[in-house]
Every structure is written in structure tokens, then in C-alpha cells.
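Chemist: If you scroll down you'll find the structure; I have some questions about it.
The values are calculated or read from the model by the stated rules, or taken from the named source; none is laboratory data. Small disclaimer: the values here were computed from a predicted structure and weren't measured. Here the Cβ positions follow ideal geometry from the backbone for every residue, glycine too, while neighbour counts run over all protein chains shown. For the accessible areas, the whole protein counts, side chains as well, though only heavy atoms, and no ligand, DNA or RNA atoms are used. Shrake-Rupley method; radii C 1.70, N 1.55, O 1.52, S 1.80 Å.
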Amino acid sequence: MTNTKLLAIADLHGHPDHLDALLTRAAVDIPDLSVVTLGDYVDNGPDIPGLLDRLIQLQAERGDRFRCILGNHDLACLRALGFPGGAPDPQWYRRWSGRYWGWRGGSGSTARAYGASSAASLAERMPRAHQDFLRALPWFIDTGEFVFVHAGLQAGPVTPQLQALAEKRLPDDPLHLPPPIREKTLAKVSDPAWDRVVVSGHTKRPAERAGTLSHAPNFITPTRICLSGELDQTGVLYAVELPSRRIWRVDPDLTVTIRETP
């Protein structure tokens, strides 16, 4: 990413209209903006296939000015499809479908979006382009100034944590996901010794969980920014402009507002 201004966008969960509203406003305010989306594209939203199509299109059009990282919902989907290699995994499919509210009466599940009812049928019905997109996603992006990761990092040295993510290293327990991608308690971990700012989404209302009103509902410190990943439940999408730290918000009616960080 060669541009100095960047927009990091929280969990999109099958909402291409919110993404387009944000990008339309950004094109007016900051035409040369680079974008990072922070993961969780599948599950819970009204148009999962449409969002994946849009992300693939934007990557093709914008190259390294539009980059996406992996989220826990995306990795759960990949595990059900057999990631890192092998046949579709019925055990992971059951775990995926049992853990997330969109499968249990929420606003949508990925399988339902593709007319699938099992790991095997999802592998058949989900377009190869969508599967390839998810498989190719990096698990983090490090610009040297900012680290973008879905859930967060532990306190302490950043380099070994990023190395494990670069290797796409899975936990020893085959039914668990790596903590930097799924652990919500990392939302409020902020190490003043970090030499980069860690930016994530994933957790709904992280400032409230952390007991701070620093910029509710988003958690912000000198070395940490966690955007509230609540679009799938409240209809509100958050993003942060960097390096200014202005917070962008897209409401359910697709109105976009921008607020300076105190």
C-alpha cells in the first residue's frame, strides 16, 4: 500500500450495500484512499454471495489498494470445506453451524445462502471463485506502522505472533481456531511496548467490554484500535481512517457519518 491514507473496515457479514455506501463516500472525501477489510465476510448477512463477488471485483480493480484479511467465520467455513487440504469435513460443518447465531434463527447462514445442507453440498454449490478467495486470504497485514488482524494480539513481542499467522498455523486441537482470529478477550489487549498499532474488528462493543468510554463503542489506545463488529446485529458498520483515526459509521439506512477521535 503506497498511499498514506487508509480505511480499515470492520466485519461485513454479507452486507455489500454498506460497503458500497462507505466506498462511495470515501471516493468523494479521499479519492486515493487504500482499504483493508478486517474479515468475517460469510454468515449472518442478507447477501453473502453478493459480498464475496464485490470483494473479488474490488481486489481485481484496485490491486494492493484494496486488501482483505481472514476472519473467524471465514476460517470456520474453510475448515468445513476441508482446509488446509482434504475432503469436506462434516465434523467442522456441525461445529460451525452450531456455534454462530446466524445459523440458529439469525439473519442468515452461509449454507442457506448457497442452498447447501452439508459440508459436501456446500463444497459443490459454493462457486470455486468464492472458495479460492477465502483460501487465499492472508491472516494479517503488516504495514510496518499498523498490523491488521481479525481479533487481536497478545501483549508481548509482535514478531513471533505474526510468524505463526504467516504460516497459517492451526491450533493442536483440530476443532479450535487461532486466538488472534477468534479470541474476543484480545479486543482490549493494548501493549504500550508494541512498535505498531494493532487494528481489528470481531468484537461487538469492545469499549464497553473494556470498561472505557475512550470512543464508545470502539476501543482506542495509542497502540490499539478495535472497531465494533456489530453490523450483523445492529445494522451499523464502523471503519477507521488512518493515520487520522477518524471513525466512519454507516447506519442501517446507509447514511455515512465521520467523527473525529477525541
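Chemist: Can you tell me how many residues within the stretch 71-85 are open to solvent by less than 20 Å² (accessible area, probe 1.4 Å), part of a loop (DSSP other than H, G, I, E, B) and farther than 20 Å from residue 38 by Cβ?
Modeler: Going through the stretch 71-85 one residue at a time, the tally reaches 2.
Chemist: Of all residues in the stretch 231-245, which are among the acidic types (Asp, Glu) and modelled with pLDDT of 95 or more?
Modeler: Matches in the stretch 231-245: 241 only.
Chemist: Sort out which residues of the stretch 24-58 are touching a Cys at 6+ places or on another chain (Cβ under 7 Å) and either within 18 Å of residue 227 (Cβ to Cβ) or surrounded by fewer than 20 Cβ atoms within 10 Å (Cβ to Cβ) (or both), and write them in order of number.
Modeler: 37, 55
Chemist: Being in contact (Cβ under 8 Å) with a residue 12 or more places away in the chain, over 29 Å from residue 125 (Cβ atoms) and not in a helix (DSSP H, G or I) is the filter here, so list the residues in the stretch 1-34 that pass it.
Modeler: 1, 2, 3, 4, 5, 6, 7, 8, 30, 32, 33, 34
Chemist: Has the stretch 170-187 got at least one residue that is farther than 23 Å from residue 139 by Cβ and either modelled with pLDDT of 95 or more or not basic (Lys, Arg) (or both)? Please lay out each step first, then the result.
Modeler: Taking the stretch 170-187 first, the residues farther than 23 Å from residue 139 by Cβ are none.
Taking every residue of the stretch 170-187 in turn, none turns out to be farther than 23 Å from residue 139 by Cβ and either modelled with pLDDT of 95 or more or not basic (Lys, Arg) (or both).
Chemist: Would you say residue 67 is open to solvent by less than 60 Å² (accessible area, probe 1.4 Å), basic (Lys, Arg) and modelled with pLDDT of 95 or more?
Modeler: Considered against the rule, which asks whether it is open to solvent by less than 60 Å² (accessible area, probe 1.4 Å), basic (Lys, Arg) and modelled with pLDDT of 95 or more, residue 67 comes out as no.
Chemist: Does residue 204 qualify as being under 19 Å from the mean Cα position of the chain (by Cα), closer than 23 Å to residue 164 by Cβ, of a type outside the set (S, T, N, Q) and at pLDDT below 95?
Modeler: Considered against the rule, which asks whether it is under 19 Å from the mean Cα position of the chain (by Cα), closer than 23 Å to residue 164 by Cβ, of a type outside the set (S, T, N, Q) and at pLDDT below 95, residue 204 comes out as no.
Chemist: So which of 241, 145 ends up being open to solvent by 50 Å² or more (accessible area, probe 1.4 Å), among the acidic types (Asp, Glu) and touching a residue at least 24 places away in the same chain (Cβ under 8 Å)?
Modeler: Result: 145 is the single residue among 241, 145 that is open to solvent by 50 Å² or more (accessible area, probe 1.4 Å), among the acidic types (Asp, Glu) and touching a residue at least 24 places away in the same chain (Cβ under 8 Å).
Chemist: OK, next. Answer yes if at least one residue in the stretch 207-218 is open to solvent by 20 Å² or more (accessible area, probe 1.4 Å) and on the phi > 0 side of the Ramachandran plot, and no otherwise.
Modeler: yes
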